[in-house]
Amino acid sequence: MLPFIRKDLAELTAYTPHPGGASGELAQSEIAIDRLDTNECPSDLPAQLKQKLAWNYQQLIETNRYPDGGHAALKAAIAQYANESLNVLPLNQGELGGVTRAKNTITADNISVGNGSDELIRSLLIATCLGGKGSIFVANPTFSMYAIIAQTLGIPVVSARRKEDNFEIDIEAAKRELDRTQNPPVRAVFVVHPNSPTANALTAEEIEWLETLSENILVVIDEAYFEFSQNTLAGKLHQHQNWIILRTFSKAFRLASMRVGYAIAHPELAAALEKIRLPYNLPSFSQIAAEFALAQRELLLATIPETISERAKLIAALTSLEKLQIWPSAANFIYLRVKASDSEPTEQKHQQIMQQLKAKGTLIRHTGGGLRITVGTPEENQRTVDRISAILT
Ligand SMILES: *Cc1c(COP(=O)(O)O)cnc(C)c1O
């Protein structure tokens, strides 16, 4: 280890995006690879949209110039989209119309845009916990990036388990951890709605718990899969200045390659994120791509009903395999485990299934004590079912 590098970094390993097999293997591979390990949308942007993007790149983007460092146009478009999401939701129906509607309105001042939500997660950690000021809390299994980024910043991570039967947060255990952690105290709680890898949305009881948390604690609600769940807490933001919602263009909007995520929050919190981010964190091309995607959202999001019906088919087909336990999903992926048996430890079995699927050309994710599989195209999903059936019978 080089002597000038922080000692605590020695214990960390770099994040491997595709532990089941690098997507870089694709070119040499003989068989088509079904990449069902990162919850992307299975379809690329429609050709006409790509052409328009390419035209913009050629005609309008001056590559010698820095990008718009204020993201003004993109923020305005995001605010408008976020406002629409307030309207579709049963959660907010009581607050719609008349006076309260105006209070709910999201504007560009409520938005900060990051180089993926990953950047926003890091900025939030810097804003709340850096320098021994705070710890973070997560309920496992959950998105691993919160803990990974916290560790790179020397921020302590405390955790509680979720309930084994439905993956709800064990609220009593969570409360104990928050009470117990004093040096430094918990300054940020991270939840995913719906959770990854377990695909369950927050319940009324969990939301109630989040509402009781001290105003000294930032509540991060990661809605990366909002477009699939159509379930958001954005309508409650105005009641909680310590809440922030994260979303991304990497999933339903098909722009994982462009790295664009955004936060919706109280203007002071959004302003704190603006201070922390790098001045030119978003390339011009990424900003334009995100603006296009929003302008064409009806077209792009039109594939979601198919994803949802494919999800139901996938769950039904895999449920017929006796050895598996599969949970309901509010996202574009499913979560399953092999039922416990005496013959073999389940984690060993999971690892085996993941490896055997990889050998057949299907990449999935072994995480949190189970298997997470992205809903792909109908053909990919059929192969998933066939291959898992062949492995298990
Ligand atoms: C995919 C995902 C994201 C998206 O991260 P980006 O950096 O925007 O690509 C964020 N949170 C969760 C829980 C995710 O699964």
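The values are calculated or read from the model by the stated rules, or taken from the named source; none is laboratory data. Just so it is clear, the model here is predicted, and its values are computed rather than measured. Every residue, glycine among them, receives a Cβ derived from its backbone with ideal geometry; neighbour counts consider all protein chains shown.
Looking only at the range 220-254, count how many residues are of a type outside the set (D, E, K, R), within 9 Å of the ligand (Cβ to nearest atom) and farther than 16 Å from A127 by Cβ.
Residues in the range 220-254 being of a type outside the set (D, E, K, R), within 9 Å of the ligand (Cβ to nearest atom) and farther than 16 Å from A127 by Cβ: 5 in total.
Would you mind stating whether I217 is away from the ligand (no atom under 16 Å from the Cβ), over 18 Å from G368 (Cβ atoms), modelled with pLDDT of 95 or more and of a type in the set (A, V, I, L, M, F, W, C)?
When the stated conditions are applied, I217 passes them.
Could you please find all residues in the range 169-182 being touching a helix residue (DSSP H, G or I) at 6+ places or on another chain (Cβ under 6 Å) and either part of a helix (DSSP H, G or I) or surrounded by fewer than 19 Cβ atoms within 10 Å (Cβ to Cβ) (or both)?
I171
Considering the range 336-367 alone, what residues qualify as being surrounded by fewer than 21 Cβ atoms within 10 Å (Cβ to Cβ) and part of a loop (DSSP other than H, G, I, E, B)?
K339, A340, S341, D342, S343, E344, P345, G361
With the structure loaded, tell me whether E208 is of a type in the set (D, E), free of Cβ contacts under 8 Å to residues at least 24 places away in the same chain and within 20 Å of R187 (Cα to Cα) or whether it fails that test.
It is true that E208 is of a type in the set (D, E), free of Cβ contacts under 8 Å to residues at least 24 places away in the same chain and within 20 Å of R187 (Cα to Cα).
Within the range 253-265, identify whether any single residue is surrounded by 21 or more Cβ atoms within 10 Å (Cβ to Cβ), charged (D, E, K, R) and within 21 Å of A82 (Cα to Cα), and answer yes or no.
Checked the range 253-265: at least one residue is surrounded by 21 or more Cβ atoms within 10 Å (Cβ to Cβ), charged (D, E, K, R) and within 21 Å of A82 (Cα to Cα).
Of all residues in the range 224-252, which are in a loop (DSSP other than H, G, I, E, B), surrounded by 22 or more Cβ atoms within 10 Å (Cβ to Cβ) and not aliphatic (A, V, I, L, M)?
Result: Y225, T232, F249, S250, K251.
Please go through the range 280-305 and give me each residue that is of a type outside the set (F, W, Y) and not in a helix (DSSP H, G or I), ordered by number.
Result: N281, L282, P283, Q296, A302, T303.
Counting only residues that are at pLDDT below 95, give me the helices (runs of 4 or more DSSP H) lying completely in the range 61-147 with at least 1 of them.
72-87, 98-104
Looking at (1) surrounded by fewer than 19 Cβ atoms within 10 Å (Cβ to Cβ); (2) touching a residue at least 12 places away in the same chain (Cβ under 8 Å); (3) in contact with a strand residue (DSSP E or B) (Cβ under 9 Å, 6 or more places away or on another chain); (4) more than 19 Å from I31 (Cα to Cα), which is the only condition T319 fails?
Condition not satisfied by T319: (2).
Only one residue in T181, T142, T128, T105 is over 23 Å from the mean Cα position of the chain (by Cα) and closer than 22 Å to E223 by Cα, so which one is that?
Of the residues listed, the single one that is over 23 Å from the mean Cα position of the chain (by Cα) and closer than 22 Å to E223 by Cα is T105.
Need pairs with beta-carbon distance below 8 Å; first residue farther than 15 Å from S250 by Cα and within the range 289-310, second among the acidic types (D, E) and not in a loop (DSSP other than H, G, I, E, B); sequence gap 6+ or separate chains.
none
Of all residues in the range 369-393, which are surrounded by fewer than 21 Cβ atoms within 10 Å (Cβ to Cβ) and more than 26 Å from T303 (Cα to Cα)?
The answer is G369, S389, A390, I391, L392, T393.
Considering only residues that are touching a Pro at 6+ places or on another chain (Cβ under 9 Å) and polar (S, T, N, Q), which ones fall in the range 338-380?
T367, T374, T377
Looking at (1) within 16 Å of the ligand (Cβ to nearest atom); (2) touching a Phe, Trp or Tyr at 6+ places or on another chain (Cβ under 8 Å); (3) not acidic (D, E), which one does T181 not meet, given that it meets all the others?
(1)
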